[in-house]
Amino acid sequence: MTRVTADVTFLRDYNQALVMAVGRTARTFERSTVVEATGLTPQAVSKVIARLTADGLIRPAGRRRPGIGKPAVVYELVPDSRYAIGAHVARRTLRLVLVDLAGTVHHSAVSPLPRDFTPEQLLDALSTGIDTLAGIDTLAGIGDLRSRLTGLGIGMIGPLDHANGLVRDAHGLRHWHDVPLREIAEKRLCLPVHLDKDVTAGITAEAWRHGATFGDAALIMVESGIGGGFWLGGAAHRGAHTNAGEFGHTVVDLTGPRCVCGRHGCLEIVHQHAAEAGDVAHAARVLAVGVVNLLQTLDLAHVVLAGADLLRHPQTYLAAVTEAVGADARRADWLSTRVALSSLGADVIAAGAAMQVLDQHYGIPELAPI
Ligand SMILES: [Zn+2]
């Protein structure tokens, strides 16, 4: 019996996710749009629409009169019906954003974290930050935020185990070995928590913003190190141990300087030496070499550039990577790759972490069929 119940629940949630995906990508939709886009039966779609309307997630937005037959009810997503908070945990800062069901960022705030912060210090900062966000809701006219808060998404420095919510060994932080962050954060903050690598959260935000047109992509983040987040085959790619993205530790110079990881000439250390010498143009060209290597390996449609260190010189990096992609890779005309700066700027990681929470509860963006 348990098995049957579980399957029914799964199917219900799955159908609901399909309808939500249509609602999120289309401005307005009607029952027949959903039937066409999802392949569900009209009866199944009616059931889901009734449930989502009752929960306040979608609402009728008028009627469309077709050529013949009854006028069709047009529905729309209710963006302010649910919110999620996203956190970007970096080595020295915590950024928190508030994101609505449609993926719009409403507030963004950065606070400093103590040097070499402990898990307890991070939880303190998260707790204070969330209270502050919940406190300014009346200011923004959002009203009772707590009751519409779906959860907290944390995008953090790795390596980490996304599936089990464990921070394995955060680079450069001494107090973070096998810390069950998801569990202790849920207990302390009384919210569902989703934990992922910063770069994976970031590429999720870009995929949300681009919708169904987003092909295979990488988000390259330069922020006290270099990481890569991947969107492959319509979903975030985390790898066999959820540790994909250590892009900065691919070697570009066999006789280069020794890296923190123990090897010589990693992209990250070669880039860092150029940046520390004040040669931003050279640092950007080093990064570009890495990006071209990635394109040759994965054949990507989009490369998104992000991260605080990169965004201090956005045009230099954008120009260097665009030029290298055009010139260095032996690519035919039909192999086009779009290089762009993150459409959400410094908020991209935190916003993506919040979107991951909304995904988990209300939808599967990669299933967005229209
Ligand atoms: Zn390395």
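The residues of region 233-263 that are in contact (Cβ under 8 Å) with a residue 12 or more places away in the chain and within 11 Å of the ligand (Cβ to nearest atom), listed by number, are Glu246, Phe247, Gly248, His249, Thr250, Val251, Val252, Gly256, Pro257, Val260, Cys261, Arg263.
With respect to His271, is the statement that it is modelled with pLDDT of 95 or more and surrounded by 18 or more Cβ atoms within 10 Å (Cβ to Cβ) true? It is true that His271 is modelled with pLDDT of 95 or more and surrounded by 18 or more Cβ atoms within 10 Å (Cβ to Cβ). Please verify whether Val348 is modelled with pLDDT of 90 or more and closer than 17 Å to His107 by Cα, treating the condition exactly as stated. When the stated conditions are applied, Val348 passes them. Take Gly290 and tell me if it is within 16 Å of the ligand (Cβ to nearest atom), touching a His at 6+ places or on another chain (Cβ under 9 Å) and not aromatic (Phe, Trp, Tyr). Spelling it out, Gly290 is indeed within 16 Å of the ligand (Cβ to nearest atom), touching a His at 6+ places or on another chain (Cβ under 9 Å) and not aromatic (Phe, Trp, Tyr). With respect to the stated conditions, Gly215 fails to be within 16 Å of the ligand (Cβ to nearest atom), of a type in the set (Gly, Ala, Ser), modelled with pLDDT under 95 and not in a helix (DSSP H, G or I).
Scanning region 264-274 for residues that are within 10 Å of the ligand (Cβ to nearest atom), touching a helix residue (DSSP H, G or I) at 6+ places or on another chain (Cβ under 7 Å) and more than 17 Å from Gly158 (Cβ to Cβ) gives a single hit, Val270.
Looking at Ala324, is it within 30 Å of Arg82 (Cβ to Cβ) and either surrounded by 24 or more Cβ atoms within 10 Å (Cβ to Cβ) or more than 16 Å from the ligand (Cβ to nearest atom) (or both)? It would help to see each step written out before you state the result.
Numbers: within 30 Å of Arg82 (Cβ to Cβ): no; either surrounded by 24 or more Cβ atoms within 10 Å (Cβ to Cβ) or more than 16 Å from the ligand (Cβ to nearest atom) (or both): yes.
Answer is no for this residue.
When region 228-252 is filtered for residues that are in a loop (DSSP other than H, G, I, E, B) and surrounded by 15 or more Cβ atoms within 10 Å (Cβ to Cβ), the ones remaining, listed by number, are Gly234, Arg238, Thr242, Asn243, Ala244, Gly245, Glu246, Thr250, Val252. With the structure loaded, tell me whether Thr255 is closer than 21 Å to Ala340 by Cα and exposed (fewer than 15 other Cβ atoms within 10 Å of the Cβ) or whether it fails that test. Answer is no for this residue. Listed here are the strands (runs of 3 or more DSSP E) enclosed by region 59-152 that have at least 1 residues being farther than 30 Å from Ala21 by Cβ and in contact (Cβ under 8 Å) with a residue 12 or more places away in the chain: 93-100, 105-112.
Can you tell me which residues in region 1-30 are surrounded by fewer than 18 Cβ atoms within 10 Å (Cβ to Cβ) and either within 16 Å of Val73 (Cα to Cα) or modelled with pLDDT of 85 or more (or both)? Spell out the reasoning first.
Our first condition is that a residue be surrounded by fewer than 18 Cβ atoms within 10 Å (Cβ to Cβ); within region 1-30, this holds for 1-14, 27-28.
Listed by number, the residues that qualify are Arg27, Thr28.
For region 51-76, taking the residues that are touching a Lys or Arg at 6+ places or on another chain (Cβ under 7 Å) and modelled with pLDDT under 90, the one that is surrounded by the most Cβ atoms within 10 Å (Cβ to Cβ) is identified as Ala72. Scanning region 279-320 for residues that are within 14 Å of Ser342 (Cα to Cα) and either in contact with a Cys (Cβ under 9 Å, 6 or more places away or on another chain) or among the acidic types (Asp, Glu) (or both) yields one hit, Asp309. When Ala217, Ala185 are checked against the criterion of being under 24 Å from Leu152 (Cβ atoms) and among the small types (Gly, Ala, Ser), Ala185 stands alone in meeting it.
Which residue out of Asp178, Asp161, Asp196 is away from the ligand (no atom under 16 Å from the Cβ), among the charged types (D, E, K, R) and under 22 Å from Asp347 (Cβ atoms)?
Values: Asp178 fails: under 22 Å from Asp347 (Cβ atoms); Asp161 fails: under 22 Å from Asp347 (Cβ atoms).
Just one listed residue meets the conditions, Asp196.
The one condition from (1) in a strand (DSSP E or B); (2) within 16 Å of Arg338 (Cα to Cα) that Ala207 does not meet is (1).
When the residues of region 97-117 are filtered to those that are farther than 30 Å from Gly363 by Cα and of a type in the set (A, V, I, L, M, F, W, C), which remaining residue is surrounded by the fewest Cβ atoms within 10 Å (Cβ to Cβ)? So the residue we want is Leu113.
The values are calculated or read from the model by the stated rules, or taken from the named source; none is laboratory data. What you see is a predicted model; the values in this text were computed from it and never measured. Using ideal geometry, Cβ is built from the backbone for each residue, glycine included, and neighbour counts are taken over all protein chains shown.
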